[in-house]
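See structure below.
The values are calculated or read from the model by the stated rules, or taken from the named source; none is laboratory data. Owing to the predicted nature of the structure, the values given are computational and were not obtained by experimental measurement. Methodologically, a virtual Cβ is constructed for each residue, glycine included, from the backbone with ideal geometry; neighbour enumeration extends over all protein chains shown.
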Amino acid sequence: MLNRFQFARLRSFRRAAHLQEQVTRRQTVGARVVCVASGKGGTGKSVVATNLALHRARMGERVLLVDFDAGLANAHLLLALAPAHDLGHVLEGRVSAREALVEGPSGLRLLSGGVGRQTLIDPTRRELDRLFKALRPLEEDFDLILIDHGAGVGYSTVAHLAATSTLLLVTNHEVTALSDGYAVYKRATAVNPTIRVGLVVNRVPDQRLAEAAWDRFRGAAVRFLGHHPEYVGWIPADPAVPQSVQRREPVLQSFPDSSAAQALRRVAAWAPIDHARTASAFYERARRALR
Ligand SMILES: Nc1ncnc2c1ncn2[C@@H]1O[C@H](COP(=O)(O)OP(=O)(O)O)[C@@H](O)[C@H]1O
Ligand SMILES: [Mg+2]
């Protein structure tokens, strides 16, 4: 028999264990979510997102790539997939989100954006809410969800940025791309003051130019917004990338030893991707951001 003292200790021990379990569950249940966005189009978001997805899938994670570049979806082309369904079908309720997934290399899954779908280009708040609700079950199935956005700060991108813990902002070193990237950064930190933003400077001739671009970006962010973005790294302009696009394969697959592939692996190892978790379900947060 336990005496009163032992009994009380056991009870508080059980309670502590229960609390610990709740905390662990909250931290381990549900996917981490990383958004990939840019100010300007063509900076390399989809190249970064597809290669990142592949790298993480190869490391054994259950990875979902959501192509949210409504109307200009092309992740399926970069992966040589021909999805029968896309986000538009999910929005229309024709299939469930799980039914719309297709399997890509190393077991990664893609939820395609669908090309030229008007509802996705300009969704109403109600439509987006319905879509986020439909996507919510996917959070239980994956370790990592990567969302490949369209350029700029459209309504649906902003809802995602308000909900995510982590954003990869892809730019190149040109002043126009940096300035547009800064506009996305400004919007992201306005709707989500605790967001963690990592800058990827893509398609750069050399490291010096990449670092000059980073200095310029960070300087403006700190001076005008009082925010501190992080430098994920730079990816060289490398003919292996367009060649891999031509082959419809991620460059990690086609030219694993190319300098772009090496740089992309470093980007994929950015530590905050391992911690990109929010306190509550991502798609619930995104729905709340719509209100
Ligand atoms: N590091 C790079 N070196 C050379 N070409 C690149 C690089 N990154 C991207 N590209 C080229 O730019 C094109 C656009 O990239 P993409 O990822 O589709 O841009 P986004 O998704 O931002 O619109 C790709 O088809 C590819 O040929
Ligand atoms: Mg793209």
Residue list for region 217-236, restricted to those being touching a His at 6+ places or on another chain (Cβ under 9 Å), aliphatic (A, V, I, L, M) and more than 13 Å from Ala183 (Cα to Cα):
Val222
Here the residues within region 148-179 that are assigned to a loop (DSSP other than H, G, I, E, B), more than 16 Å from ligand 1 (Cβ to nearest atom) and among the small types (Gly, Ala, Ser) are Ser165
Report yes if some residue within region 115-131 is at pLDDT 95 or above, within 16 Å of ligand 2 (Cβ to nearest atom), closer than 27 Å to Glu249 by Cα and out of contact with any Cys (no Cβ under 6 Å at 6 or more places or on another chain); otherwise report no.
no
Gly30 is checked against (1) away from ligand 2 (no atom under 16 Å from the Cβ); (2) under 18 Å from the mean Cα position of the chain (by Cα); (3) modelled with pLDDT of 95 or more and fails just one. What number does that condition carry?
(3)
If you check Glu140, Glu174, which single one turns out to be over 16 Å from His227 (Cβ atoms), of a type in the set (Asp, Glu) and touching a residue at least 40 places away in the same chain (Cβ under 8 Å)?
Glu140
Considering only region 221-249, state which residues are out of contact with any strand residue (DSSP E or B) (no Cβ under 6 Å at 6 or more places or on another chain), more than 8 Å from ligand 1 (Cβ to nearest atom) and aliphatic (A, V, I, L, M).
Ala221, Val222, Leu225
Region 69-113, subset buried (at least 17 other Cβ atoms within 10 Å of the Cβ) and acidic (Asp, Glu), residue modelled with the lowest pLDDT
Asp69
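Among the residues of region 208-216, are any touching a Pro at 6+ places or on another chain (Cβ under 7 Å) and modelled with pLDDT of 95 or more?
We begin by selecting, within region 208-216, every residue touching a Pro at 6+ places or on another chain (Cβ under 7 Å); these are none.
No, region 208-216 contains no residue that is touching a Pro at 6+ places or on another chain (Cβ under 7 Å) and modelled with pLDDT of 95 or more.
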Looking only at region 56-90, and only at residues there that are small (Gly, Ala, Ser) and more than 16 Å from ligand 1 (Cβ to nearest atom), the one that is farthest from Leu128 (Cα to Cα)
Gly60
Boolean, Val66 is of a type in the set (A, V, I, L, M), within 16 Å of ligand 2 (Cβ to nearest atom), farther than 22 Å from Glu139 by Cα and modelled with pLDDT of 95 or more:
no
So, first residue among the aromatic types (Phe, Trp, Tyr) in region 229-242, second residue near ligand 1 (Cβ under 9 Å from one of its atoms), Cβ within less than 6 Å, six or more apart or across chains; the pairs are Trp234/Val204
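Within region 114-128, is even one residue surrounded by 18 or more Cβ atoms within 10 Å (Cβ to Cβ) and in contact (Cβ under 8 Å) with a residue 60 or more places away in the chain? Give the derivation first.
Applying the first criterion (surrounded by 18 or more Cβ atoms within 10 Å (Cβ to Cβ)) to region 114-128 yields 114, 117, 120, 123, 128.
Add one more test, that the residue is in contact (Cβ under 8 Å) with a residue 60 or more places away in the chain, and what stays is 128.
Scanning region 114-128 turns up at least one residue that is surrounded by 18 or more Cβ atoms within 10 Å (Cβ to Cβ) and in contact (Cβ under 8 Å) with a residue 60 or more places away in the chain.
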Please pick out the residue among Ser156, Ser165 that is in contact with a Phe, Trp or Tyr (Cβ under 9 Å, 6 or more places away or on another chain), within 16 Å of ligand 2 (Cβ to nearest atom) and among the small types (Gly, Ala, Ser).
Ser156
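Restricting attention to region 270-278, does a residue exist that is within 20 Å of the chain's Cα centre (by Cα), basic (Lys, Arg), part of a loop (DSSP other than H, G, I, E, B) and modelled with pLDDT under 95? Reasoning before the result, please.
Initial filter on region 270-278 (within 20 Å of the chain's Cα centre (by Cα)): 270-278.
Checking which are basic (Lys, Arg) leaves us with 277.
Those still in the list that are part of a loop (DSSP other than H, G, I, E, B) too: 277.
Next, from what is left, pick out any that are modelled with pLDDT under 95: 277.
Among the residues of region 270-278, at least one is within 20 Å of the chain's Cα centre (by Cα), basic (Lys, Arg), part of a loop (DSSP other than H, G, I, E, B) and modelled with pLDDT under 95, which makes the answer yes.
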So, first residue in contact (Cβ under 8 Å) with a residue 24 or more places away in the chain in region 260-278, second residue of a type in the set (Phe, Trp, Tyr), Cβ within less than 8 Å, six or more apart or across chains; the pairs are Ala261/Phe255; Ala263/Trp234
Go through (1) of a type in the set (Val, Ile, Thr); (2) buried (at least 24 other Cβ atoms within 10 Å of the Cβ); (3) part of a loop (DSSP other than H, G, I, E, B) and name the single condition Ile145 misses.
(3)
Scanning region 168-210 for residues that are among the charged types (D, E, K, R) and either away from ligand 2 (no atom under 16 Å from the Cβ) or buried (at least 24 other Cβ atoms within 10 Å of the Cβ) (or both) gives Glu174, Lys186, Arg187, Arg196, Asp206, Arg208
